[in-house]
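Novice: Please see the structure below; I have some questions.
Each value in this text was obtained by applying a stated rule to the coordinates, not by laboratory testing. Note that the structure is a prediction, hence the values are computed from the model and not measured. Cβ placement follows ideal geometry from the backbone for every residue including glycine, while neighbour counts extend to all protein chains displayed.
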Amino acid sequence: MEYDIAAVLGAQLEADGYTGRAKAVIDEDRRTLIGFTMVGPAVVDHLHAATIAVTAEVPIDRLWHAVPAFPTASEFWLRLMETYGL
């Protein structure tokens, strides 16, 4: 699943004309995040959350409840989960 990070309000607060994308790879059988990549200004600030989710094998249903701060660019996590259909 993919999401345009620039679509969240917090990303526009990060930088004028912000552009970026996030992509998650889900193990459908276990419903866990097994891969993640993102590109855009300051995305390194969000990498730790993806690292924890992948290495801890956090179920995506649980990630849905890890509500990100608003308005920050990290809101893309919630929107990414919505894209998946949660």
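Novice: Starting from the Cα-Cα distance between VAL54 and GLU28, subtract it from 0.36 nm times their residue separation and give me the gain in nm to one decimal.
Specialist: 8.0 nm
Novice: Now for a separate question. Counting other Cβ atoms within 10 Å, which GluC sites (Glu not before Pro) in region 55-86 have at most 12 and lie in a DSSP loop?
Specialist: GLU57
Novice: For region 29-75, list log₁₀ I(q)/I(0) at each q in 0.25, 0.29 Å⁻¹, using the Debye formula over Cα point scatterers of equal strength and ignoring solvent, two decimals each.
Specialist: The computed values of log10 I(q)/I(0) come out as -1.02, -1.20.
Novice: I would also like to ask the following. Between ASP16 and VAL39, 0.36 nm times their residue separation minus their Cα-Cα distance comes to what?
Specialist: Going from the current span to full extension adds 6.7 nm.
Novice: List the chymotrypsin sites (Phe, Trp or Tyr not before Pro) within region 51-86 that DSSP assigns to loop and that have no more than 16 neighbouring Cβ atoms inside 10 Å.
Specialist: TRP64
Novice: So what is Rg over Rh here for the chain, counting just Cα atoms and using Kirkwood for Rh?
Specialist: Radius of gyration over Kirkwood radius for the chain works out to 0.95.
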